[in-house]
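Undergrad: Attaching a single structure in structure tokens format; questions to follow.
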Amino acid sequence: MNTVTETVSATPATPARAPAWPIYRAEIACELRRAWRYPGFVLPSLLFPVLFYSLFGVLLGRGQASIYLLATYCVFGAMAPALFGFGVQLALDREGGLLTLKRALPMPPMAPLLARLLMAVLFAVLVAMLLIAVATGAGVAVTPSAALHLLAVAAFAALPLGAIGLLIGSHVSANAAPAVVNLVYLPLALLSGLWLPLSMLPPLFSAMAPLWPTWHLAQLALPAVGQPAQGSAWVHVAVLLCITVMALGLARRRLRRIG
């Protein structure tokens with residue numbers, strides 16, 4: 001009996017696993033600090049949608065333009081942080097070796113992805129808040145429920161757009177990433193009716209609109225300001241979630257192959 005007791009007492013206890021939340025918190029803080037250190041990313045992401053809305057929605061807008069563009073520009077404002085933040089930065093991390101280093105570190109594999117997603121959500125919400133402030137200052141009636149609706153759509157937009165950015169960043173080089181992202185960023189805004197209603201464009205644009213994730217996001221945002229939208233909100237959410245899952249799956253497959 002004494003021998004058994006001594007053997008059990010001599011067996012070292014399994015150390016308790018350290019909580020993962022400090023790692024997530026540190027990764028999020030680093031990601032936000034890195035983003036804010038690059039004015040070339042921060043200023044265009046925050047100010048361009050606000051300046052464009054002030055010009056085309058407030059100063060030059062006629063009729064319902066200021067109301068319509070408030071909803072669609074909340075989606076447009078979420079595009080740059082998600083597409084560039086994921087697409088270009090991932091391509092830079094791949095070629096610079098930072099992605100390989102993070103894979104070797106004892107950290108949850110989802111920590112970098114979650115940190116970048118929260119960064120995109122933060123920027124999207126900030127842009128939407130600035131747009132709402134400009135619209136309110138220009139006399140557009142924005143109720144609290146409408147403002148919350150627009151902020152929720154802007155935050156949700158970071159999910160499918162970030163997944164598309166991740167897909168781009170996993171396939172192209174760091175030099176090509178900005179050009180490829182711009183080829184996606186600008187046409188999507190036009191083809192989805194974010195800059196002007198699709199009814200002002202040839203019918204082909206309206207027929208192709210359901211192909212673009214930003215069109216589905218716009219249909220979620222338009223009812224917040226009393227503008228007509230096409231289709232069911234649940235269908236739009238389902239389509240966007242499917243796009244997110246497919247883009248993430250393809251990006252993960254590519255990263256595993258090159259990793």
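The values are calculated or read from the model by the stated rules, or taken from the named source; none is laboratory data. Keep in mind that what you see is a predicted model, and the values were worked out from it rather than measured. Note that we place each Cβ from the backbone using ideal geometry, even for glycine, and neighbour counts take in every protein chain shown. Accessible surface is based on the protein model in full, side chains and every heavy atom, while ligands, DNA and RNA are left aside. Shrake-Rupley method; radii C 1.70, N 1.55, O 1.52, S 1.80 Å.
Undergrad: Just checking, which of 66, 54, 45 is open to solvent by less than 10 Å² (accessible area, probe 1.4 Å), assigned to a helix (DSSP H, G or I) and polar (S, T, N, Q)?
TA: 45
Undergrad: Another question, then. Can you say whether residue 221 is over 16 Å from residue 80 (Cβ atoms), open to solvent by less than 30 Å² (accessible area, probe 1.4 Å) and assigned to a helix (DSSP H, G or I), as far as the supplied structure shows?
TA: Criteria met by residue 221.
Undergrad: If you don't mind, another one. I need a count of the residues in the range 145-197 that are in a helix (DSSP H, G or I), open to solvent by 40 Å² or more (accessible area, probe 1.4 Å) and among the polar types (S, T, N, Q).
TA: Residues that pass the stated criteria total 2.
Undergrad: Quick one: residue 203 ticks every box in (1) open to solvent by 30 Å² or more (accessible area, probe 1.4 Å); (2) at pLDDT 90 or above; (3) in contact with a helix residue (DSSP H, G or I) (Cβ under 7 Å, 6 or more places away or on another chain) except a single one, so which number is it?
TA: All conditions are met except number (3).
Undergrad: Taking only pairs six or more apart or across chains, which ones have beta-carbon atoms under 7 Å, a first residue in the range 175-191 that is farther than 23 Å from residue 96 by Cβ and touching a residue at least 12 places away in the same chain (Cβ under 8 Å), and a second residue that is buried (at least 20 other Cβ atoms within 10 Å of the Cβ) and of a type in the set (Val, Ile, Thr)?
TA: Close Cβ pairs satisfying both conditions: 188/214; 189/214.
Undergrad: So the check is Cβ under 6 Å with 6+ separation or different chains; which pairs have a first residue in the range 44-59 that's of a type in the set (Gly, Ala, Ser) and a second one that's in a helix (DSSP H, G or I)?
TA: What qualifies is 45/80; 45/81; 45/123; 54/134; 57/65; 57/66; 57/69.
Matching residues to (1) touching a strand residue (DSSP E or B) at 6+ places or on another chain (Cβ under 8 Å); (2) modelled with pLDDT of 75 or more; (3) open to solvent by less than 60 Å² (accessible area, probe 1.4 Å):
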site	(1), (2), (3)
50	no, yes, yes
62	no, yes, no
74	no, yes, yes
100	no, no, no
121	no, yes, yes
127	no, yes, yes
137	no, yes, no
143	no, yes, no
